[in-house]
Amino acid sequence: MSLRLRLAPVLVAGLLAAVPAMARAGAPAPAPQVIDPTAQDPDLAERLDAAYRLLAADRPGEAKALLEALRHPLEDAGDLDQLLRLYDLIGYVGHELKDRATEIDANAHSAILNYLVAPLDAPDTVLAEFSLAAAYRSRDGRDGQVFALAHVLAAAQGARRVGPPSSDLEKMEAQAAALMGQRLAGDGRPELALAFLRRARRLADKGHINASDAQKLDRLLGEAERDAEARRDLPVTRLEDCTGHAGLDAAQMAACRRSADLALARGDAAAADAILDRLISDVPRAALRADRYDAARDLLVVRLLHRPPSDRQLRTSAELIANYLAYAGDVTSAAMVGARAARGAIDGGTYDAQLAKTCGHIARRALRSGTPDLARRMIALQRKVLLAGVAEAGAPLSAADPVLQRRLAAALLRIESARIAAGSTLARRAEAQWAEVERQIATIDLAAFDTIERLTVVEYAGVEDFVVPSYAAALEFMGRLARRLPAGDPRHDVARGGWVNAVEVWWGDSARADALAEEAIREIRAAPQGRDEALVNLLVVRSGIVAPTNPALSARLTREAYEIVAARPGEETRRIELLLDMALDQADSSLVRALVAEAQKLAEAGGEIGLAARVRLDLKRAFIAFDDGNGDLALRLGEGALARLVEAGKGGSWMVVAPARDLAGLYAALGRMDDARRTYETHVLARSNSMVDGEEKVISDRLGLANLEAYYAPDSTTVRTLSTLMERARLRVRSDRDLVQRILRAQAFAYHGLGDGTQARLAAREALSAPRPPARDTEAEREDRKLLEALVGADWQGSRATVPP
C-alpha cells in the first residue's frame, strides 16, 4: 500500500473522530450563518444526525443517499454551519465508498465554505484542504493536489511565524510534506522532493508519523536520493539565462525550473523566486499560456511557502494561476487557489480589484460548467473582497461615499447570486438575496440616481470582461431603482425598458420579462402623456417575447406600436423595422410581400434610413427573391446587406452575426456550401467565445453551420462534427436540454441525406420523444417536427428522394 493511501485515512477519519454531534475538528465551530433565524428547519438537522448514525453503523451507501437528498434543501436554507456538516459527511462517505469524485467535490466545498466563514488557516480549513489533497491520486496529472498540499504547508509555516504549531497541525504538516515529496518524485523532480521528504522525516522523528509509515518514508527518501545523484551532472542554468520570452524552448524552460528546484532545495527561496519570476516576466496578467504554466505554478508554490498571506506578489501569482485554471476548465482547483487568496485579502482588510475580478471569473466559469453552488460561493467571496476594509459594509448607498462604486458592485453581485439561486430552484436563497437588494435600493437618495447610473449601467455597458457582475445586473438594479422615480421622469421609463431587455435577452427569463413588460405598459397607458417612445419600445419587446406562444397577441402589439410611430414624422427607420416585425407575425405570404413592399417604398422615398433597418430589409427581400426562384437577385441582396455592415466598420461586431447566418443559409440552399462555410466561419464562429458567451452558446454557434451541412450537403465529416457536439453538450452543458434535441434533429437529417435510414430513424425518434417548452413552439419548429415524423414513418429506401428542407 502506498504512503498516500496509508496516510490519507488518518486525516479523513478525523472528521468523525471529533464529537458525536459531528462538530468539525480543531477550533470551535463558527456561529451558524443564517439568512433568517426563524427559517431554520429542525428536521434538516435531525436528518443530518441520522446520516451520521448510518455512517457509525457502517452503512455508507444509505448515508450517501440520505445526504444527497439533503444537499438541495440545505443549500436553499443557507445555514452555513449545517452545510459544512453536510459536506464533511459527504466527503467521508466518498472516502468509505472509494468514490474519489464525490470525495474531492465534498472536500473542496468544505474548504471553500470554511474560507467564507473562518479566518485564514483555521484548523477546519486546513483539515479540509488536506482531506482534498489525500483524495487525489498522487500521479493522476492534476495539480489540485499540489495546491492543496501547499496550502497545508503554508498554514504550518504561518503558524511558526507567531509561535510553535499545535501537535495536530504538525501531524498534518508531516503527512503533507511526505505526500508533496512523493508527488514531486513521481514528477521527475527528485532534488526538490528530497527537501519535502527530509522535512517529513524531521517531523517523523518528533513522533508525528507512525513507525510503519516512517519506514515507507525512508524508502521514498532512498529512492529520491538515488534519482538526484543520477541527475547530478545535468547542467545548471544561470539566472541571467532564464529570461521570459518566446525564445526559450521547452528544454531551456525545464533547465531553468530545475535550477529553481535546486535553489529551493538548498534553502535559497529568494533565488528560486527570482528564476521563476523571470520566466514569466513578460506574461500579462490573466494571459498565462500553457508553455509558461509550469513555471507560474512553481512560483505560486514557492511564494505560498515563503511569503505571508498579505504579500502582494503572492496574490498576483494566485490570480494568474486561478485565472488560467478557470480558463482551462479546472474550476475546482481555480476556486481553491482563488478562495485562499481572497481570504488572505479579506483578513488583511486589503481591497484588491484584480483579485475581485478573478473571483468573478471563476464564478462565471463555474456557472458555465454546471456547478452553480460553487459559483455562488465564489461570488460571496468576491463581495467580501470588494468590501474588505470598508466600515459598515451594509450602510446605505450614498453619492458622497468614497467607496460607492465598490458598494454598488457588491450590490450587483447579490443580483447575480439571486439569479443563480433561482436557476437552481433555491427559492429561499433567491428571495433572501432579492430582499437584501430591495433593502439597499429603498435607502438610496434619488438625488444620486444619475451618479449611480453612471457607476453601474454606463460603467458596465459594452464590457466583455470574463467576470461578474454583468451589464445585465446593472440594468436590473437601475430598473428596480427607477420604480421609485415619478412616472413623469423620463429616466423612469428608460430604466424600466432596459430592465425588461436584461431579463429577456441576458437572463433568458421570458416569463419574468413578459410580466415586467406588461406591468410597465399598463402603467404608461394609465398616464400616457409624453411617453409614446417608451410605450413603443415596450410593445416591441413584449411582442418578441410572446411571439412563440401567442402570435395573435404579438401581431396586435406590433400593430399598436406601428400606429403610434406612423402618426409621427421623421420615423421612417422605425416604421420599416415595425413593418418587418409585422411580416414576421404573418402566415399569409401575400401579406408578407405587401408589408415588405411598403417598407421598400419608405426606404426609396428618401430620408435617412438606419443601417440595421436597411440590412434587415435587404435580407427579407432576398428571401422573397429566393422563394420566387430568382437566386441571382437573392444573392445580390444578401451579399449587399453583409457588405453594408462591413463597409460601415461593423464586420467584427455582433451586428454582423444574424445577417451572416442568413446569407450562409442562402448560399447553402443554392448549392454553394463552400461559400456558406466561409461566411459562417468568418463572421459567426470567429466571434464565438466560450469565456464570454458560455459553452452552450459556442456549441449552438457550431451547430448552426452543422445544421446547414446536415440539411443541404451531409457527409461523413458532418456526422463526426454532430457527434462531437453531442458529446460536448451532454458532458459540459447542463442548463440547455434543448441543445441536445437540436443536435439530434440535425443528425436525423444528416443520416437521411446519406441514406442511412436506420440511424436517421433512431435520431428522429429520440428528438421527437423529448417534450418541448411552449416558448420554443414556433412555426419553424413545428415544420421541423413534421419532417422528423415523416422520416420516422417513411419507406427508408424511397425517402431519400424527399426534397431537403
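Any chance the stretch 679-698 includes a residue that's surrounded by fewer than 20 Cβ atoms within 10 Å (Cβ to Cβ) and in contact with a Phe, Trp or Tyr (Cβ under 6 Å, 6 or more places away or on another chain)?
Among the residues of the stretch 679-698, at least one is surrounded by fewer than 20 Cβ atoms within 10 Å (Cβ to Cβ) and in contact with a Phe, Trp or Tyr (Cβ under 6 Å, 6 or more places away or on another chain), which makes the answer yes.
Is there a residue in the stretch 247-257 that is open to solvent by 30 Å² or more (accessible area, probe 1.4 Å), within 29 Å of residue 344 (Cα to Cα) and either touching a residue at least 24 places away in the same chain (Cβ under 8 Å) or not hydroxyl-bearing (Ser, Thr, Tyr) (or both)?
So far as the stretch 247-257 goes, yes, one or more of its residues are open to solvent by 30 Å² or more (accessible area, probe 1.4 Å), within 29 Å of residue 344 (Cα to Cα) and either touching a residue at least 24 places away in the same chain (Cβ under 8 Å) or not hydroxyl-bearing (Ser, Thr, Tyr) (or both).
Pick from the stretch 435-444 the residues that are open to solvent by 50 Å² or more (accessible area, probe 1.4 Å) and part of a helix (DSSP H, G or I): which of them is farthest from residue 481 (Cα to Cα)?
At the first step, the residues of the stretch 435-444 found to be open to solvent by 50 Å² or more (accessible area, probe 1.4 Å) are 435, 438-439, 442-443.
Subsequent filtering for residues that are part of a helix (DSSP H, G or I) retains 435, 438-439, 442.
Working: 435: 13, 438: 9, 439: 11, 442: 8 Å.
Here the residue is 435.
Just to be sure I understand the filter: pairs with C-beta atoms under 6 Å, separated by 6 or more residues or on different chains, first member in the stretch 569-586 and touching a residue at least 24 places away in the same chain (Cβ under 8 Å), second member open to solvent by 40 Å² or more (accessible area, probe 1.4 Å) and assigned to a loop (DSSP other than H, G, I, E, B). Which pairs pass?
The qualifying pairs are 572/607.
Go through the residues of the stretch 398-410 one by one and say whether even a single one is assigned to a helix (DSSP H, G or I), touching an Asp or Glu at 6+ places or on another chain (Cβ under 6 Å) and not aliphatic (A, V, I, L, M). Break it down into steps so the answer makes sense when it comes.
Going through the stretch 398-410, the residues assigned to a helix (DSSP H, G or I) turn out to be 404-410.
Narrowing further to those that are touching an Asp or Glu at 6+ places or on another chain (Cβ under 6 Å): none.
Looking for residues that are assigned to a helix (DSSP H, G or I), touching an Asp or Glu at 6+ places or on another chain (Cβ under 6 Å) and not aliphatic (A, V, I, L, M), one finds none in the stretch 398-410, hence no.
Could you look through the stretch 172-190, keep only residues that are on the phi < 0 side of the Ramachandran plot and surrounded by fewer than 21 Cβ atoms within 10 Å (Cβ to Cβ), and pick out the one that is farthest from the chain's Cα centre (by Cα)? Can you show your working first?
Looking only at the stretch 172-190, we keep the residues that are on the phi < 0 side of the Ramachandran plot, and these are 172-187, 189-190.
Subset that is surrounded by fewer than 21 Cβ atoms within 10 Å (Cβ to Cβ): 186-187.
Values: 186: 33, 187: 31 Å.
Selected residue: 186.
Condition check: over 15 Å from the mean Cα position of the chain (by Cα), closer than 28 Å to residue 74 by Cβ, open to solvent by 10 Å² or more (accessible area, probe 1.4 Å) and of a type outside the set (A, V, I, L, M, F, W, C). Does residue 425 satisfy that?
Working: over 15 Å from the mean Cα position of the chain (by Cα): yes; closer than 28 Å to residue 74 by Cβ: yes; open to solvent by 10 Å² or more (accessible area, probe 1.4 Å): yes; of a type outside the set (A, V, I, L, M, F, W, C): yes.
Yes; evaluated as a whole, the condition is true for this residue.
Condition (residue is open to solvent by 20 Å² or more (accessible area, probe 1.4 Å), part of a loop (DSSP other than H, G, I, E, B) and farther than 18 Å from residue 293 by Cβ) applied to the stretch 258-267: is it met by at least one residue?
Filtering the stretch 258-267 for residues open to solvent by 20 Å² or more (accessible area, probe 1.4 Å) gives 258, 262, 264-267.
Pick out the ones that are also part of a loop (DSSP other than H, G, I, E, B) and you get 266-267.
Next cut, farther than 18 Å from residue 293 by Cβ only: 266-267.
Yes, the stretch 258-267 contains at least one residue that is open to solvent by 20 Å² or more (accessible area, probe 1.4 Å), part of a loop (DSSP other than H, G, I, E, B) and farther than 18 Å from residue 293 by Cβ.
As an exercise: evaluate residue 236 against (1) assigned to a loop (DSSP other than H, G, I, E, B); (2) open to solvent by 80 Å² or more (accessible area, probe 1.4 Å); (3) under 30 Å from residue 98 (Cα atoms) and give the number of the one condition it does not meet.
(3)
Checking residue 431 against (1) surrounded by 22 or more Cβ atoms within 10 Å (Cβ to Cβ); (2) more than 30 Å from residue 348 (Cα to Cα); (3) modelled with pLDDT of 95 or more: exactly one of these is not met. Which one?
(1)
Of the residues 676, 641, which single one is of a type outside the set (Lys, Arg) and within 23 Å of residue 714 (Cα to Cα)? Give the steps one after another, and end with the answer.
Numbers: 641 fails: within 23 Å of residue 714 (Cα to Cα).
None of the others qualify; the one that does is 676.
Of the conditions (1) of a type in the set (Gly, Ala, Ser); (2) modelled with pLDDT under 90; (3) in contact with a Gly (Cβ under 9 Å, 6 or more places away or on another chain), residue 587 clears all except one; give me its number.
Result: residue 587 fails condition (3) only.
Residue-by-condition table, conditions (1) touching a helix residue (DSSP H, G or I) at 6+ places or on another chain (Cβ under 7 Å); (2) at pLDDT 85 or above:
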{"residue": "625", "(1), (2)": "yes, yes"}
{"residue": "637", "(1), (2)": "yes, yes"}
{"residue": "645", "(1), (2)": "yes, yes"}
{"residue": "659", "(1), (2)": "yes, yes"}
{"residue": "671", "(1), (2)": "no, yes"}
{"residue": "695", "(1), (2)": "yes, no"}
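Quick test of your reading of the structure: residue 297 fulfils all but one of (1) within 32 Å of the chain's Cα centre (by Cα); (2) more than 30 Å from residue 349 (Cα to Cα); (3) crowded, with 18+ Cβ neighbours inside 10 Å; (4) not polar (S, T, N, Q). Name the failing condition by number.
(2)
Residue by residue, here is whether (1) of a type outside the set (S, T, N, Q); (2) under 27 Å from residue 428 (Cβ atoms); (3) surrounded by fewer than 24 Cβ atoms within 10 Å (Cβ to Cβ) holds:
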| site | (1), (2), (3) |
| --- | --- |
| 62 | yes, no, yes |
| 73 | yes, yes, yes |
| 77 | yes, yes, yes |
| 89 | yes, yes, no |
| 106 | yes, yes, no |
| 109 | yes, yes, no |
| 128 | yes, yes, no |
| 144 | yes, no, yes |
| 165 | yes, no, yes |
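Here are the criteria: (1) at pLDDT 90 or above; (2) under 28 Å from residue 380 (Cα atoms); (3) buried (at least 16 other Cβ atoms within 10 Å of the Cβ); (4) of a type in the set (A, V, I, L, M). Tell me which single one residue 69 does not satisfy.
Evaluating residue 69 over (1) at pLDDT 90 or above; (2) under 28 Å from residue 380 (Cα atoms); (3) buried (at least 16 other Cβ atoms within 10 Å of the Cβ); (4) of a type in the set (A, V, I, L, M) leaves (3) as the failure.
From the list 740, 792, which one is part of a helix (DSSP H, G or I), modelled with pLDDT of 75 or more and open to solvent by 20 Å² or more (accessible area, probe 1.4 Å)? Talk me through it step by step, then tell me what you get.
On the way: 792 fails: modelled with pLDDT of 75 or more.
Exactly one of 740, 792 is part of a helix (DSSP H, G or I), modelled with pLDDT of 75 or more and open to solvent by 20 Å² or more (accessible area, probe 1.4 Å), namely 740.
Yes/no per residue for (1) touching a Phe, Trp or Tyr at 6+ places or on another chain (Cβ under 7 Å); (2) under 30 Å from residue 406 (Cβ atoms):
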residue	(1), (2)
460	yes, yes
497	no, yes
523	no, no
547	no, no
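Of (1) hydrophobic (A, V, I, L, M, F, W, C); (2) buried (at least 17 other Cβ atoms within 10 Å of the Cβ); (3) in a helix (DSSP H, G or I), residue 447 satisfies all except one. Which?
(2)
Residue 98 is checked against (1) open to solvent by 30 Å² or more (accessible area, probe 1.4 Å); (2) in contact (Cβ under 8 Å) with a residue 24 or more places away in the chain and fails just one. What number does that condition carry?
Answer for residue 98: the failing condition is (2).
Looking only at the stretch 654-677, count how many residues are open to solvent by 70 Å² or more (accessible area, probe 1.4 Å) and over 18 Å from residue 634 (Cβ atoms).
Initially, the stretch 654-677 is screened for residues open to solvent by 70 Å² or more (accessible area, probe 1.4 Å), giving 654, 661, 672, 674.
Applying the additional criterion that residues be over 18 Å from residue 634 (Cβ atoms) yields 654.
The number of residues fulfilling the criteria is 1.
Residues in the stretch 599-613: is at least one without any contact (Cβ under 8 Å) to a residue 60 or more places away in the chain, polar (S, T, N, Q) and in contact with a Ser or Thr (Cβ under 7 Å, 6 or more places away or on another chain)?
Narrowing the stretch 599-613 to residues without any contact (Cβ under 8 Å) to a residue 60 or more places away in the chain: 599-613.
Adding the requirement that they be polar (S, T, N, Q) leaves 600.
Right, trim to in contact with a Ser or Thr (Cβ under 7 Å, 6 or more places away or on another chain) and you get none.
No, every residue in the stretch 599-613 fails to be without any contact (Cβ under 8 Å) to a residue 60 or more places away in the chain, polar (S, T, N, Q) and in contact with a Ser or Thr (Cβ under 7 Å, 6 or more places away or on another chain).
Determine whether the stretch 499-513 contains at least one residue that is open to solvent by less than 30 Å² (accessible area, probe 1.4 Å), modelled with pLDDT under 95 and either over 30 Å from residue 552 (Cα atoms) or under 21 Å from the mean Cα position of the chain (by Cα) (or both).
yes
Taking residue 277 as the residue in question, decide whether it is charged (D, E, K, R), touching a residue at least 40 places away in the same chain (Cβ under 8 Å) and assigned to a helix (DSSP H, G or I).
So residue 277 fails the test.
Mind listing whichever residues of the stretch 178-202 are among the hydrophobic types (A, V, I, L, M, F, W, C) and closer than 18 Å to residue 135 by Cβ? Before you say what the answer is, go through the steps one by one.
Kept after step one, since they are among the hydrophobic types (A, V, I, L, M, F, W, C), are these residues of the stretch 178-202: 178-180, 184-185, 192-197, 200.
Those that are among the hydrophobic types (A, V, I, L, M, F, W, C) and closer than 18 Å to residue 135 by Cβ: 178, 179, 180.
The values are calculated or read from the model by the stated rules, or taken from the named source; none is laboratory data. Fair warning: this is a prediction, and the values are worked out from it, not measured in the lab. For neighbour counting, all protein chains shown are included, and Cβ atoms are generated from backbone atoms with ideal geometry for every residue, glycine included. All accessible areas refer to the heavy atoms of the entire protein, side chains included, with ligands and DNA or RNA removed. Shrake-Rupley method; radii C 1.70, N 1.55, O 1.52, S 1.80 Å.
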